[in-house]
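Below: one structure, written as structure tokens.
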Amino acid sequence: MVPSVSLWLIFSGPILVKGQGPVYLFGDNVTLPCVSATMSGNEVFEWMDQGETVTIYSVRSPNYTEKTYGGLNNDKYDNFDIDNNYPNDVNLLINLLEVNDAGMYSCNFIHQETPGSMNVKVEAMPISVSISCEIYFSPDCNSTSSPTSYRFNCTCIAIGAYPHNLQLEWSFGATGVESSFPRSNAERAGTFDYATSAIIVPTEDQGSVTCTLNGYSENWEGVRHADYDFNPPMCELKSICNETNTGVKLICACTDANPAEGLAYSFFNDGELLSRRDINYFETAIEMGQEYTFGCRGCNDVNYGSASYVTEAVKCPKNSGFVVWLIVVIIVAVVCAVVPVLLYVFATK
């Protein structure tokens, strides 16, 4: 979601300054109207940035559209324009509103002592909020368990938000919370990046954590929080019996592992470790007709189990080689007995 702009109005003198509404969004085309109460043809409309003490426009007739010298020589006003309906109203246009457009703007007749003013305040929703977590100690990848009681060091980062006094807050169970000072965002001028870290110990009831950026004057819609799920995705275990049914090939597919870098695959038989390797398959001998409970998991040094332990019952059929051999022998015997008879019959005709 983009930044929002709040406006406070002050009415004074013969000029009525009124906005389109109390909230504007960053990137919108904003109109700040200046309406004359007298609509006299001998007046001069002046739009001024009070914070910079710069007169942006000075309009004396319907044909005036150019900025003043001060307005032309300041990059801040490159996205400013006017809607000139002299002598009724001369409206200030801010195209593609930015955070740096915040300030007090006033519209005045040249002979008026007190101008009508409008204070533009900006609040920017972050471009993104994200959480990353690393386990304090390397997990036991040789174990079938994927516990949720490990301690994690988690970092939450919000990019491109405003104002500078916002706070990132954790949802539950956070200890050792540390927040850094906001740093200027280079991509979105005038906004800040926020970061905070904490120690999280997930539980079975609360297997995720949320980080939220708070401190806005309004409950704006948009991206203000991020979630991190400590429960890793499940692997998929596939088994393929070999042609002689004397062994089986186990394939451990962990396509949703996060992060997948450095993933090791552990294979188990009835909970006992068979192998741990960098490739996701393993071959082992089995007895014909016997059922086995094989398992696998993906694991690395970042997450406690990038893919949780999964099992599959495997039973390869008994070897049928003797039956095949017996059938072949019978066929050969029949052929050997029938062929001579057929040859004799054809020879006597």
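So here's what we get for this one:
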| item | result |
| --- | --- |
| Count of the stretch 267-296 residues which are surrounded by fewer than 17 Cβ atoms within 10 Å (Cβ to Cβ) and assigned to a loop (DSSP other than H, G, I, E, B) | 8 |
| Residue within the stretch 36-44 that is buried (at least 18 other Cβ atoms within 10 Å of the Cβ) and either of a type in the set (Val, Ile, Thr) or free of Cβ contacts under 8 Å to residues at least 24 places away in the same chain (or both) present | no |
| Check on Ile10, within 15 Å of Ser117 (Cα to Cα), surrounded by 21 or more Cβ atoms within 10 Å (Cβ to Cβ) and modelled with pLDDT under 85 | no |
| Restricting the stretch 47-84 to residues that are touching a Leu at 6+ places or on another chain (Cβ under 9 Å) and in a loop (DSSP other than H, G, I, E, B), the residue that is surrounded by the fewest Cβ atoms within 10 Å (Cβ to Cβ) | Glu66 |
| Some residue of the stretch 258-266 being without any contact (Cβ under 8 Å) to a residue 40 or more places away in the chain and not in a loop (DSSP other than H, G, I, E, B) | yes |
| Matching option when the condition is of a type in the set (D, E, K, R) and at pLDDT below 60, among Lys18, Lys67 | Lys18 |
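The values are calculated or read from the model by the stated rules, or taken from the named source; none is laboratory data. Note that the structure is predicted; figures quoted are calculated from it, not measured. Using ideal geometry, Cβ is built from the backbone for each residue, glycine included, and neighbour counts are taken over all protein chains shown.
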